[in-house]
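Single-structure report; data block below.
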There are 2 protein chains.
Amino acid sequence: MRKPTIRDVAERAKVSLKTVSRVINNEPSVMQATRARVLHAVAELDYEPDPSARNLRSATAFVIGVAYDNPNPYYIISVQNGVLSACRETGFDLQIHPCDASSPLLVDELCDWMRRSRLAGLVLAPPMSERMELVEALASRGVKLVRIIAAAEDPEDGYPCVFVDDRDAAYEVTEHLVQLGHQRIGFLWGGQEHRSSSERYLGYEKALKDYGITLDKHLVVPGDYTFDDGFRGARRLLALREPPTAIFGSNDEIAAGVLAAAKSVGMNVPYDLSIAGFEDSPFSKQSWPPLTTAKQATEDIARHAARLLIAQLRHDAPEAPAAVHNHGFVPQLVVRGSTAPMRPRPPPAQDA
Amino acid sequence: MRKPTIRDVAERAKVSLKTVSRVINNEPSVMQATRARVLHAVAELDYEPDPSARNLRSATAFVIGVAYDNPNPYYIISVQNGVLSACRETGFDLQIHPCDASSPLLVDELCDWMRRSRLAGLVLAPPMSERMELVEALASRGVKLVRIIAAAEDPEDGYPCVFVDDRDAAYEVTEHLVQLGHQRIGFLWGGQEHRSSSERYLGYEKALKDYGITLDKHLVVPGDYTFDDGFRGARRLLALREPPTAIFGSNDEIAAGVLAAAKSVGMNVPYDLSIAGFEDSPFSKQSWPPLTTAKQATEDIARHAARLLIAQLRHDAPEAPAAVHNHGFVPQLVVRGSTAPMRPRPPPAQDA
């Protein structure tokens with residue numbers, strides 16, 4: 001038996017093709033009696049609209065969402081572009097949802113958004129992705145999601161993720177500075193709600209320890225992943241009685257702030273101060289000197305996360321667990337002009 | 001008579017609430033006979049799902065899209081955030097669609113995207129928004145859209161838009177340089193497919209003319225809205241026998257490239273060279289020295305465009321023209337440390 005067409009529905013319901021289409025697409029402006037006739041005909045014929053038109057059957061089941069809370073446009077655009085490239089491979093579309101990670105209503109907000117837009121699944125970026133109570137609450141409401149998180153290894157907690165080993169990469173950055181002869185190396189934190197921030201700190205700490213350098217707490221400054229906090233943090237470090245000879249900003253925005261702070265006090269980078277960042281944002285190549293950093297393949301990471309999500313969605317027989325494989329990335333050290341061998345300084349004034 | 005509920009449908013069709021919900025939401029995995037029974041019951045009762053669930057009736061009529069082709073993440077994030085803030089005011093959601101403005105299949109691509117995701121309307125960013133044949137083709141296929149364009153005045157061409165008077169703002173930037181004593185002022189173009197680029201050039205040209213300065217064609221360099229083209233263009237200008245004493249990069253990315261080029265040849269900005277940009281990207285405050293530029297309120301511009309679109313969509317009785325008011329913005333000169341009074345130079349070697 002041939003499959004029924006929209007024409008069959010129109011004939012049986014004695015209405016125009018346009019009217020059938022209106023009913024199928026849930027447009028208003030169809031009379032109640034007409035709508036009932038069309039729905040009866042659809043039911044009797046078991047008509048399913050052409051998948052290429054994707055109307056009644058799938059509606060917007062081919063849209064996924066990405067939720068983020070991050071002040072860095074380069075990071076966000078890279079995440080979006082990575083997810084979009086996986087979408088293009090598979091015929092999905094993308095909705096974006098910047099949000100406030102600290103909102104107490106976040107779970108409701110995300111669920112409302114996904115329901116009203118009928119999203120099939122969610123890519124969750126840090127820091128939301130790193131809050132287990134949020135992930136569990138979303139999962140318990142039936143949300144299919146994949147997380148992008150900072151972690152040295154696969155958490156194997158039952159929720160799919162792509163994990164980025166910031167700790168290992170931060171170790172490498174710090175080791176590079178140590179090998180250039182630096183002993184007093186400042187560290188500027190990013191936002192503590194981001195696990196990447198503590199992971200990067202742990203890498204810094206471990207490298208110092210492995211090279212026998214005592215960590216000086218005065219050289220470690222809290223802050224956020226912003227230029228302004230980099231500027232402020234660096235000014236504070238450079239005003240110390242015994243300032244650092246190198247500063248590791250835990251992302252490139254921070255490092256750019258350090259660079260501006262160094263210039264603002266007349267220092268010549270890298271000769272008076274070495275500076276390293278993290279992430280390899282485009283502008284890390286565009287500053288003068290360009291920044292030594294750790295190249296984080298954000299677009300690839302996001303693409304992989306979206307592929308994981310889409311594989312999970314496609315595999316979905318009702319209730320059947322999807323065959324999902326987590327994947328890890330390690331950012332790579334990139335050495336540019338902002339780091340150089342330490343030059344000896346005049347000995348500092350002695351503390352009592 | 002009270003409105004029928006999903007419970008009434010379930011009772012009449014003798015199925016569970018969950019099954020009704022599955023049919024309404026077009027989920028697969030419902031048996032054919034069951035599906036027919038539910039659709040009959042929906043038709044007989046003229047049941048319409050609760051608007052708060054927004055399932056059958058409205059589906060995704062509350063989603064708009066934004067399409068862009070622009071290499072500048074700060075610009076794109078500002079456009080997205082502006083559109084999103086109008087969406088939040090009105091309960092809409094947003095799909096994004098970066099695309100290749102030069103693709104010959106662009107109209108089909110955009111229409112396919114809008115149809116499969118059932119988008120209610122489109123905010124079109126430059127350069128696509130400035131190609132009339134594209135706008136007309138989309139409109140002729142029934143796409144509701146609002147354009148963001150560069151124009152000195154409202155084009156009044158029947159298609160709603162927000163227009164940005166780049167010409168006037170570029171005039172002001174150039175005037176600022178002239179008033180600092182500069183006579184040889186270089187100009188670096190952005191991509192010629194962007195009307196903003198020619199508008200900015202026209203403002204530069206007019207300011208020189210009004211101040212009686214002869215335009216030297218050697219000081220005008222074609223390029224794209226990128227750091228790299230700014231760097232290359234500046235190196236070319238600075239290698240001239242009689243180089244400029246100021247360079248106007250037609251966006252901040254270009255100006256950042258000029259700054260790097262100046263530093264790469266050992267120049268001290270602003271004393272050896274004044275540099276101005278355009279757009280007031282966040283990093284224009286973060287370079288050293290920070291950039292003189294024209295503040296373009298991209299987020300406000302995009303918010304207004306989205307409000308125009310949503311007003312049009314809400315007003316839409318079938319075929320009735322919407323009451324839409326176009327709106328213009330003028331970027332404002334912001335003077336920072338990258339521009340300074342001209343210092344006299346040794347006279348150049350004379351040409352024959």
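Which of the residues that make up segment A:165-218 are free of Cβ contacts under 8 Å to residues at least 12 places away in the same chain and aliphatic (A, V, I, L, M)?
The one that is free of Cβ contacts under 8 Å to residues at least 12 places away in the same chain and aliphatic (A, V, I, L, M): A:Leu215.
Could you list all residues from segment B:123-147 that are within 14 Å of another protein chain (Cβ to nearest Cβ) and not small (Gly, Ala, Ser)?
B:Val123
Among the residues of segment A:83-110, write down those that are over 19 Å from B:Asn81 (Cα atoms) and either within 12 Å of chain B (Cβ to nearest Cβ) or touching a residue at least 40 places away in the same chain (Cβ under 8 Å) (or both).
Within segment A:83-110, A:Ser85, A:Ala86, A:Cys87, A:Arg88, A:Glu89, A:Thr90, A:Gly91, A:Phe92 meet the criteria.
With respect to A:Met267, is the statement that it is under 22 Å from A:Leu180 (Cβ atoms), among the aliphatic types (A, V, I, L, M) and at pLDDT below 95 true?
Considered against the rule, which asks whether it is under 22 Å from A:Leu180 (Cβ atoms), among the aliphatic types (A, V, I, L, M) and at pLDDT below 95, A:Met267 comes out as no.
Answer yes or no as to whether A:Ala120 is of a type in the set (Gly, Ala, Ser), within 14 Å of chain B (Cβ to nearest Cβ) and at negative phi.
When the stated conditions are applied, A:Ala120 passes them.
For segment A:72-82, give me each residue that is more than 10 Å from every other protein chain (Cβ to nearest Cβ) and out of contact with any Lys or Arg (no Cβ under 6 Å at 6 or more places or on another chain).
Selection gives A:Val79 alone.
Which members of segment A:281-296 meet the condition of being part of a loop (DSSP other than H, G, I, E, B) and touching a helix residue (DSSP H, G or I) at 6+ places or on another chain (Cβ under 7 Å)?
A:Ser281, A:Gln286, A:Ser287, A:Trp288, A:Pro290, A:Leu291
Residues being in a helix (DSSP H, G or I) and modelled with pLDDT of 95 or more: count how many of those fall in segment A:196-227.
Residues that pass the stated criteria total 18.
Taking segment B:181-191 only, how many residues are under 17 Å from B:Ala255 (Cα atoms), surrounded by fewer than 22 Cβ atoms within 10 Å (Cβ to Cβ) and out of contact with any strand residue (DSSP E or B) (no Cβ under 8 Å at 6 or more places or on another chain)?
Within segment B:181-191, residues that are under 17 Å from B:Ala255 (Cα atoms), surrounded by fewer than 22 Cβ atoms within 10 Å (Cβ to Cβ) and out of contact with any strand residue (DSSP E or B) (no Cβ under 8 Å at 6 or more places or on another chain) number 1.
Here are A:Arg147, A:Arg141, A:Arg115: which of them is surrounded by fewer than 19 Cβ atoms within 10 Å (Cβ to Cβ) and either touching a Cys at 6+ places or on another chain (Cβ under 7 Å) or β-branched (Val, Ile, Thr) (or both)?
Residue meeting the stated conditions: A:Arg141.
In this structure, does B:Leu208 turn out to be closer than 19 Å to B:Ser338 by Cβ and of a type in the set (A, V, I, L, M)?
For B:Leu208, the condition - closer than 19 Å to B:Ser338 by Cβ and of a type in the set (A, V, I, L, M) - is not met.
Could you pull out the residue among A:Arg147, A:Arg116, A:Arg88 that is of a type outside the set (A, V, I, L, M, F, W, C), closer than 21 Å to B:Arg118 by Cβ, in contact with a strand residue (DSSP E or B) (Cβ under 8 Å, 6 or more places away or on another chain) and not assigned by TED's automatic domain parsing to the domain that holds A:Pro282?
Being of a type outside the set (A, V, I, L, M, F, W, C), closer than 21 Å to B:Arg118 by Cβ, in contact with a strand residue (DSSP E or B) (Cβ under 8 Å, 6 or more places away or on another chain) and not assigned by TED's automatic domain parsing to the domain that holds A:Pro282 holds for just one of A:Arg147, A:Arg116, A:Arg88, which is A:Arg116.
Here is a list: A:Val178, A:Val220. Which entry is in contact with a strand residue (DSSP E or B) (Cβ under 6 Å, 6 or more places away or on another chain) and crowded, with 16+ Cβ neighbours inside 10 Å?
Matching residue, one of A:Val178, A:Val220: A:Val220.
Being of a type outside the set (Asp, Glu), surrounded by 21 or more Cβ atoms within 10 Å (Cβ to Cβ), at pLDDT below 85 and part of a loop (DSSP other than H, G, I, E, B) is true for just one of A:Ala59, A:Ala53, A:Ala43. Which residue is that?
Every option except A:Ala59 fails the conditions.
From the list B:Ala294, B:Ala255, B:Ala260, exactly one residue is within 13 Å of another protein chain (Cβ to nearest Cβ) and modelled with pLDDT of 95 or more. Which is it?
B:Ala255
Give the number of residues within segment B:258-277 that are touching a Ser or Thr at 6+ places or on another chain (Cβ under 6 Å) and closer than 17 Å to B:Asp228 by Cβ.
Matching residues across segment B:258-277 total 3.
Out of the residues in segment A:297-325 that are among the acidic types (Asp, Glu) and modelled with pLDDT of 85 or more, which is surrounded by the most Cβ atoms within 10 Å (Cβ to Cβ)?
Checked segment A:297-325; the qualifying residue surrounded by the most Cβ atoms within 10 Å (Cβ to Cβ) is A:Glu299.
Rundown of residues vs (1) assigned to a loop (DSSP other than H, G, I, E, B); (2) touching a residue at least 24 places away in the same chain (Cβ under 8 Å); (3) in the same structural domain as A:Tyr74 (by TED's automatic domain parsing); (4) within 16 Å of the chain's Cα centre (by Cα), yes/no style:
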{"residue": "A:Pro244", "(1), (2), (3), (4)": "yes, yes, no, no"}
{"residue": "A:Leu259", "(1), (2), (3), (4)": "no, yes, no, no"}
{"residue": "A:Lys263", "(1), (2), (3), (4)": "no, no, no, no"}
{"residue": "A:Tyr271", "(1), (2), (3), (4)": "yes, yes, no, no"}
{"residue": "A:Ala302", "(1), (2), (3), (4)": "no, yes, yes, yes"}
{"residue": "A:Leu308", "(1), (2), (3), (4)": "no, yes, yes, yes"}
{"residue": "A:Gln312", "(1), (2), (3), (4)": "no, yes, yes, no"}
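The values are calculated or read from the model by the stated rules, or taken from the named source; none is laboratory data. Treat the numbers as computed from the prediction; the structure is a model and nothing was measured. Cβ atoms come from the backbone with ideal geometry, glycine included; neighbour counts cover every protein chain shown.
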